[in-house]
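The values are calculated or read from the model by the stated rules, or taken from the named source; none is laboratory data. Everything numeric here is computed off the predicted structure, so don't read it as measured data. All Cβ positions, even for glycine, are placed from backbone atoms using ideal geometry, and neighbour counts span all protein chains on display. For accessibility, only protein heavy atoms count, side chains too; no ligands or nucleic acids. Shrake-Rupley method; radii C 1.70, N 1.55, O 1.52, S 1.80 Å.
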Amino acid sequence: MTCTCQQCKALLLPMDMSIDRLPEISFDLYEVDKCKIKDIRGRNFFFHEIRKNHTSIIIFSRNFIEQETKDYIEDFAKISPSYLKDNDVKIILIASAYHTNLASFCQETKFVHEVYTDASLAIHRKAHLFSQIVDGGSKAQINPHLKHSSFIRFLLSTKRASERSTKGHGSLFQQGGQVVINSDGKVLYFHRDRNNTDQTPINFLLSASGLNKSFDHFKDHQTKTNIFHDLRRRNIKNFEFV
């Protein structure tokens, strides 16, 4: 495969280099910092208030109905908050659901880190997260956090939708993303989900935040070649290929 697009040409890359993913276009953190979000009790905070003084791994999740969201978020529960605190790192989940639905989702997924909601999607828009599916998830098989086949995930999502009202559980169209921001306000890594299976592996987010430890219970099954085809991942020198 040879990339001949204008974006690759502008980077002065070799014509014979195979590329699956270019770096994301950045967003204006100053504008995002001024946006308000709600915590689990409905209290308002500015975005800059929740990320200051720490390196923050921030997950923008899709709706709470889809099984893919549950699979991904519940794996973050396997990371000890005390381990992160010792390294001045924290994990923050920002949903698009009503704040009244945050507690039940955290209980279901055993998520023990900070959680907020951007129900108005103000931050999602300012970060230019995709408001609809961009591609159909042809590479879903390399997501190490999906615990079921696509058919089983569809059945489980349908079951979840039948057990609760879809209202207030987040947008059915809005895509998520992941961003790592250090305590100085520098964006270390940014990823926009193109579909509901396009999340960044957790071990990679930990590496991007400066943590050397990786967790065996959700190893990234991508090959070393796959990693090098994603230009965003070449700057993370301590990323462990497994």
Name the residues in the range 90-124 that are out of contact with any Cys (no Cβ under 8 Å at 6 or more places or on another chain) and more than 18 Å from residue 44 (Cβ to Cβ), would you? 90, 91, 104, 105, 106, 107, 108, 109, 110, 111, 113
Got a number for residues in the range 192-210 being of a type outside the set (Val, Ile, Thr), farther than 21 Å from residue 85 by Cα and within 9 Å of the chain's Cα centre (by Cα)? 4
Return yes when residue 156 is touching a helix residue (DSSP H, G or I) at 6+ places or on another chain (Cβ under 9 Å) and either surrounded by fewer than 17 Cβ atoms within 10 Å (Cβ to Cβ) or at pLDDT 75 or above (or both) and no when it is not. yes
In the range 99-112, what count of residues is obtained for those that are open to solvent by 10 Å² or more (accessible area, probe 1.4 Å) and either polar (S, T, N, Q) or over 15 Å from residue 69 (Cβ atoms) (or both)? 7
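Name the residue, out of 89, 115, that is among the hydrophobic types (A, V, I, L, M, F, W, C), buried (at least 20 other Cβ atoms within 10 Å of the Cβ) and within 24 Å of residue 194 (Cα to Cα).
When all the criteria are applied, what remains is 115.
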Whether any residue in the range 143-150 is part of a loop (DSSP other than H, G, I, E, B), open to solvent by 70 Å² or more (accessible area, probe 1.4 Å) and of a type in the set (Ser, Thr, Tyr) is what I want to check. no
With the first residue restricted to the range 12-39 and required to be over 17 Å from residue 125 (Cβ atoms), and the second required to be open to solvent by 80 Å² or more (accessible area, probe 1.4 Å) and at pLDDT 90 or above, Cβ contacts under 6 Å at 6 or more apart or on different chains are none
When residues of the range 99-123 are filtered for being farther than 17 Å from residue 56 by Cβ, in contact with a Ser or Thr (Cβ under 7 Å, 6 or more places away or on another chain) and not aliphatic (A, V, I, L, M), how many remain? 1
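Can you list the helices (runs of 4 or more DSSP H) lying wholly within the range 52-136 that have 3 or more residues being at pLDDT below 90?
In the range 52-136, the matching helices (runs of 4 or more DSSP H) lie at 67-76.
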It is to be established whether one or more residues within the range 163-179 are surrounded by 17 or more Cβ atoms within 10 Å (Cβ to Cβ), among the basic types (Lys, Arg) and either assigned to a strand (DSSP E or B) or modelled with pLDDT under 90 (or both). no
Over 23 Å from residue 38 (Cβ atoms), open to solvent by 10 Å² or more (accessible area, probe 1.4 Å) and modelled with pLDDT of 90 or more - does that describe any residue in the range 220-239? no
Yes/no for residue 122 being more than 13 Å from the chain's Cα centre (by Cα), in contact (Cβ under 8 Å) with a residue 12 or more places away in the chain and surrounded by 13 or more Cβ atoms within 10 Å (Cβ to Cβ): yes
Answer yes if at least one residue in the range 44-60 is of a type outside the set (Lys, Arg), open to solvent by 60 Å² or more (accessible area, probe 1.4 Å) and within 26 Å of residue 212 (Cβ to Cβ), and no otherwise. yes
